[in-house]
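Notes for the one structure printed next.
The values are calculated or read from the model by the stated rules, or taken from the named source; none is laboratory data. The model shown is predicted, which means the values in this text are computed figures rather than measured ones. In this analysis, Cβ positions are derived from the backbone assuming ideal geometry, glycine residues included, and neighbour counts consider all displayed protein chains. Surface areas here come from the heavy atoms of the whole protein model, side chains and all, with no ligands, DNA or RNA. Shrake-Rupley method; radii C 1.70, N 1.55, O 1.52, S 1.80 Å.
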Amino acid sequence: AGRAKRLLLSQLFQPLNLQVGGEAGCDGRAGEPTCRSQKLMLQGGLIHPSSPGCYYYLPPTVRAMEKLVKVMDEEMRAVGGQKLNMPSLSSAELWRASGRWEQMGPELFRLVDRHSKGYCLGPTHEEAVTELVAAQSSLSYKQLPLRLYQITRKFRDEPRPRFGLLRSREFYMKDMYTFDVSAEAARQTYDLVCGAYRSLFERLGLPFIKVQAATGSIGGTVSHEFQLPADVGEDRLVLCPDGHFAANVETLNEERTSCPTCGEKLTQTRGIEVGHTFYLGTKYSSVSSAVFYSPENKPQLAEMGCYGLGVSRILAASIEVLSTEDSIRWPSLIAPYQLCFIPPKRGSKEEEGAAPLEQLYDDLAEVLPHLTGDSVLDDRTQMTIGKRLKDAKKLGYPYVVIAGKRVCEDPPVFEVWNQNTGEVLFLTKEGVIELLSKVQVP
C-alpha cells in the first residue's frame, strides 16, 4: 500500500521525435536560423510550437522550470526578497505617465477593453510595482529596504522571434524591484542581488560573465548583464583576459581594444543574456510619488533598483551551452528527472533481471524518498537496452541504471551511467543507493 507508484516512460506525455534529424529545429520555415537548444528541445519533446515565438511547455520542461524557480526562490529569500504576483494587464495611463507607452513602440502588446480603456500585457513591471508601493501612504523608513519579486509570464512583441525559448514572445521572468532609503543603501542592495545571481549560476554550474551594460528602455544609471558565452548569442562582449573589465559592446562609445585597468588586449565573444540588473534611482518613484517618511517625518522618494532573470531563457541557454550536438545536458540540479531505469528486453536471456531492477526502483523510493518523483522506468521492453540507452542519453537524465549482463549474478550487479562525467559503474543495490544518496534536488 505504501509503495510509490512507478513512473513509466510509456505513460509520460513527452512526444519524442528522436529519430528526426537535420532541419527539425527551424521554426517550420526553410532557411530559418536554428540553434542547438531549439533543435534538441523540439526533438526531445520538451516544447511544441504554437504560433511564432509561443510554445507549449511539455511536462518535463515544467518540472525543470519548477526546480529552477525553487532555486531562485531560495536565492531571493536569502537577500530578503518577498514574493508577490502582479497583474499581466497594465493600464495604458500608468505607462503613459512614465513615458514608456510611446518609448516601447511596437514591442508592447496593446489591447483595449469593452469600455475603451487601453492596456498592455506587461513585458516588465516597474510602473506597476511603484504604483503599488506608492499606495502605501504611511510607509516609514523603518520598513525599508523593500525587496519585492515575482516569477510570472511576460509578453514582448518581438519583431523576429527565434531560437526557440531564447527569444520568444511569451516567456517567464523573475523580476525583483527594490526600494531603499538612500542612493548608498540602494547600491548596497545592488551588490547584494548581484551576489545572489552569481550564487544561482554557480549552483547551476553555468559559465557566466557579468558585464557592464546599457540601461536601454528601463533607464537608470548603472546596469550589468549576466551573460552565458555561446556562439549563438545575440550580444557581442569584450573581455579582459585577466578579468578586470567586461562589457557589452553596445555600451562602448568607441572601439575599445585594450583593458582600461591593465592594458591587456581585450578578447571578443558572443553571449546569451540571462540576467540584467539596474540601479534606477528615483526615475519611477518620482512619477508615482513612491515616498517613505524619514526619521524627521519628512516624505522622501524611495531609491529603486530592478533585477531580472530569464527563467525560460536560462533553461534553453543552459541546454545550449552544456549539451552535445545530439544529446541534452541539463544543469544536474534542475534536470526534469534524475534517474532512468532500463529493464532487460522482453524475451532476452537477461529477462529475469527485470525483477531485481524493479525491486531496486522501489527500495530507492523508500530509502531516498526525495528521488521518488525523479525516477522513470523505461518500460518499452519491446526495444533493446541499447536503443533505450541511446534515447536516455539524448534526453539527458543525469543517471541511467541498467539491468545488463551482470544482473543475474548473486547479488545482482547493475550498470550505472553517469551522463555528466561519461563514466560507467558496476554496482550492487547498496552501491547504487550510496551513489544516488548524493544527488541533490531543490
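Worth a mention:
- Taking (1) in the same structural domain as S138 (by the TED database); (2) in contact with a Leu (Cβ under 9 Å, 6 or more places away or on another chain); (3) buried (at least 18 other Cβ atoms within 10 Å of the Cβ) in turn, S289 satisfies each apart from (3).
- Meets criteria (among the small types (G, A, S), closer than 23 Å to F155 by Cα, buried (at least 21 other Cβ atoms within 10 Å of the Cβ) and at pLDDT below 95) for G44: no
- E352 falls short of the stated requirement of being in contact (Cβ under 8 Å) with a residue 60 or more places away in the chain, open to solvent by 10 Å² or more (accessible area, probe 1.4 Å) and either over 24 Å from E415 (Cα atoms) or assigned to a helix (DSSP H, G or I) (or both).
- The single condition from (1) at pLDDT below 90; (2) loosely packed, with under 15 Cβ neighbours inside 10 Å; (3) in a loop (DSSP other than H, G, I, E, B) that E250 fails is (3).
- Condition broken by D391, with the remaining ones in (1) acidic (D, E); (2) free of Cβ contacts under 8 Å to residues at least 24 places away in the same chain; (3) farther than 21 Å from D363 by Cβ satisfied: (2)
- Candidate set: the stretch 116-154, residues that are over 16 Å from S91 (Cα atoms) and among the basic types (K, R); chosen: the one least open to solvent (accessible area, probe 1.4 Å): R147
Residue-wise test of (1) within 18 Å of L58 (Cα to Cα); (2) open to solvent by 10 Å² or more (accessible area, probe 1.4 Å).
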site	(1), (2)
Y307	no, no
V311	yes, no
L333	no, yes
Q338	yes, no
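- When the stretch 183-201 is filtered for residues that are of a type outside the set (A, V, I, L, M), touching a Phe, Trp or Tyr at 6+ places or on another chain (Cβ under 7 Å) and open to solvent by less than 10 Å² (accessible area, probe 1.4 Å), the ones remaining, listed by number, are Y190, Y197, F201.
- Listed here are the strands (runs of 3 or more DSSP E) enclosed by the stretch 114-199 that have at least 3 residues being more than 26 Å from G80 (Cβ to Cβ): 118-121.
- Residues that are under 28 Å from K283 (Cα atoms), open to solvent by 50 Å² or more (accessible area, probe 1.4 Å) and without any contact (Cβ under 8 Å) to a residue 60 or more places away in the chain within the stretch 202-235 comprise K210, Q212, G216, listed in sequence order.
- The residue that is farthest from E352 (Cα to Cα), among those in the stretch 392-412 that are open to solvent by less than 10 Å² (accessible area, probe 1.4 Å), hydrophobic (A, V, I, L, M, F, W, C) and not in a strand (DSSP E or B), is A392.
- Pairs where the first residue, in the stretch 257-272, is open to solvent by 70 Å² or more (accessible area, probe 1.4 Å) and the second is of a type in the set (S, T, N, Q) and in a strand (DSSP E or B), C-beta under 6 Å, 6+ apart: K265/S258
- Subset of the stretch 93-115 [at pLDDT 95 or above, among the hydrophobic types (A, V, I, L, M, F, W, C), out of contact with any helix residue (DSSP H, G or I) (no Cβ under 6 Å at 6 or more places or on another chain) and open to solvent by less than 90 Å² (accessible area, probe 1.4 Å)]: L108, F109, L111
- Scope the stretch 413-442; condition in a helix (DSSP H, G or I) and charged (D, E, K, R); matching residues: K429, E430, E434
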